[in-house]
Amino acid sequence: MAITDSMIQTAMSHLRAGARGEAAKVLRDVCRIEPSHIRAHCMLAIVTYQDGDSGGALAILDELESRHPDKPEVVRSRAEVLRGTGNLEAALDAQRKARELNPHDPVGHLQEGVLLDAMGRRTEAMAAAEQALTLKPDLTGAQQLLGALTYRTGEIGESARLMAEARRAGKAGIDPNHHQALSLFGLGRINELMALTPAIHPTQRFGETMVKAIAAWLDNDPQRCGDMLIEAQPLAGNAAIDAPNRSVFIVYGAILDGLLSWRRDNPDSYGREAEQTFHVIGDSHVLTAANLTLPVAGVMTRLKSHFTFGCKAWHLVRDEPSPYRSFFQAAADGIPASSTVVAGYGELDCRYKEGIMRVVRNNPARDWRALVDDLVPRYVAFVMAEAERRGWTLWLQTPPMSNVNTSLLLTDDRLAFLGIIERFNERLRAEAEAHKLPLIDVKAATTTPKRTPRHTHYIDTNQVRPTALIEALRLMTL
């Protein structure tokens, strides 16, 4: 091994140890000993950029490219620096030049795909990732990128397949957004979900364990659900950890803990003989209904829940592919014809930091009243069409009152937030009446005569206990 090659290995060791300064010293020595050593110059440029000197990094690459204009690794390093500075167009130009210099390099196509994805050019990004896999079918990064892209376009079966392939590489952090676990859950492939080998990275393992806990709860296995929560807790990390979906799964953990506690205190509400089954499809509030056995219009009824992760009414009415529409369709495919189905969407659309409030906050010119008035009839029309197509008897369920402490909100925000909840429910009641659809009014059950939340019905600021659903069904009977 040449001395410069040995020095490169030393620099790599310094970088792995986080000692960029020591690595830079070694790389400068290599560049002095062997001025034409392209790898050393490229590595030095990247280290220089990582130390905050993007101008210095580009100067190194300018000088190197003037002597070696046809070396793709030089141009690729330029693309990496430009991407880091936020100049994505220039980075893409550089990356495409590198790819043209070496069109058979799968990594070049992959890096182009990553840039295109960052620019929101999803179709082109998918084509680049597919080309990378054509050249190297086991290229983990391309499997990961295409798995993420197919997830976002609603191809959850293909996403699960690609992420499974990428996972075989045995690397940490292969699927940080939990696309494989969420896809398997959404497709109802629960045995495959439960059989997933624990991920190497703790934050990925945390999210996947939480998805398994939710699946166990829905599958009427509270013991396994509780065991999963215990397993997940030490993996959650702390607020300083930047992990996708971390805060969301922490909330789900609190919801499941609250539901498990209520079930322990009210065992008679589960497992009784039932004369009929109602299927409840919707957002996180269907977790509350899961496996309850209770009288509905005098008939003992078992509630079977179909949870569509993160799905809003808004996702159902938008004519564009998404994982949320796919979650709904997959869940609906699992509900037998002639079933009674309760559609329980809308709470996510009415949250303070999500849904309609987020749209208005991002664009104050938008009228939240008009947004609600447009959304609710389209949502009801969508679920009615699905019910007719699938032979269901359709019921509707209102989103609850919010348990947020609105006294802490600015006046305009408070009025808009509470107005959205009230108007969404008013419009949903009107649609139910117009189409003669039974309505389970959880909003009425969770609101006091003073139009404040009935705090005893809540697990947290949004999720209700089964008592809210029981009360809503009692009011419905009356």
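The values are calculated or read from the model by the stated rules, or taken from the named source; none is laboratory data. The structure presented is a predicted model; accordingly, all values stated were derived computationally and were not measured. Don't worry about glycine lacking a Cβ; one is built from the backbone with ideal geometry, like all the others, and counts go over all protein chains shown.
Only one of the listed residues (E208, E275, E192) is more than 19 Å from L303 (Cα to Cα) and surrounded by fewer than 17 Cβ atoms within 10 Å (Cβ to Cβ). That residue is E192. Are any of the residues in the stretch 16-36 surrounded by 18 or more Cβ atoms within 10 Å (Cβ to Cβ), of a type outside the set (A, V, I, L, M, F, W, C) and assigned by TED's automatic domain parsing to the domain that holds T123? No, the conditions are met nowhere in the stretch 16-36.
Being in contact (Cβ under 8 Å) with a residue 24 or more places away in the chain, part of a helix (DSSP H, G or I) and surrounded by fewer than 13 Cβ atoms within 10 Å (Cβ to Cβ) is the filter here; which residues of the stretch 449-468 pass it? Matches in the stretch 449-468: H455 only. Within the stretch 406-425, restricting attention to residues that are of a type outside the set (D, E, K, R) and touching a Phe, Trp or Tyr at 6+ places or on another chain (Cβ under 9 Å), the residue that is nearest to V380 (Cα to Cα) is I420. Mind listing whichever residues of the stretch 382-418 are surrounded by 14 or more Cβ atoms within 10 Å (Cβ to Cβ), assigned to a helix (DSSP H, G or I) and either at pLDDT 95 or above or not polar (S, T, N, Q) (or both)? F382, V383, M384, E386, A387, R390, D413, R414, A416, F417, L418, listed by residue number.
Restricting attention to the stretch 116-163 and to residues that are closer than 23 Å to F185 by Cα and of a type in the set (D, E), the residue that is surrounded by the fewest Cβ atoms within 10 Å (Cβ to Cβ) turns out to be E158.
Here K171 passes the criteria (1) assigned by TED's automatic domain parsing to the domain that holds S247; (2) over 19 Å from the mean Cα position of the chain (by Cα) except the one numbered (1). Out of E433, E471, one residue alone is assigned to a helix (DSSP H, G or I), without any contact (Cβ under 8 Å) to a residue 12 or more places away in the chain, over 22 Å from W314 (Cβ atoms) and not basic (K, R). It is E433.
Tell me, yes or no, whether the stretch 229-243 has at least one residue that is in a loop (DSSP other than H, G, I, E, B) and among the charged types (D, E, K, R).
So in the stretch 229-243, the residues in a loop (DSSP other than H, G, I, E, B) come out as 236-243.
In the following step, the residues that additionally are among the charged types (D, E, K, R) were identified as 242.
Yes, that holds for at least one residue.
For the stretch 55-74, give me each residue that is touching a residue at least 24 places away in the same chain (Cβ under 8 Å), more than 18 Å from Q111 (Cβ to Cβ) and in a helix (DSSP H, G or I). Passing the criteria: L64, R67. Kindly establish whether G18 is under 39 Å from the mean Cα position of the chain (by Cα), over 29 Å from Q131 (Cβ atoms) and not in a helix (DSSP H, G or I). Answer is yes for this residue.
State whether one or more residues within the stretch 368-380 are surrounded by fewer than 17 Cβ atoms within 10 Å (Cβ to Cβ), in contact (Cβ under 8 Å) with a residue 40 or more places away in the chain, touching a Gly at 6+ places or on another chain (Cβ under 6 Å) and assigned by TED's automatic domain parsing to the domain that holds Q276. No, because not a single residue in the stretch 368-380 is surrounded by fewer than 17 Cβ atoms within 10 Å (Cβ to Cβ), in contact (Cβ under 8 Å) with a residue 40 or more places away in the chain, touching a Gly at 6+ places or on another chain (Cβ under 6 Å) and assigned by TED's automatic domain parsing to the domain that holds Q276.
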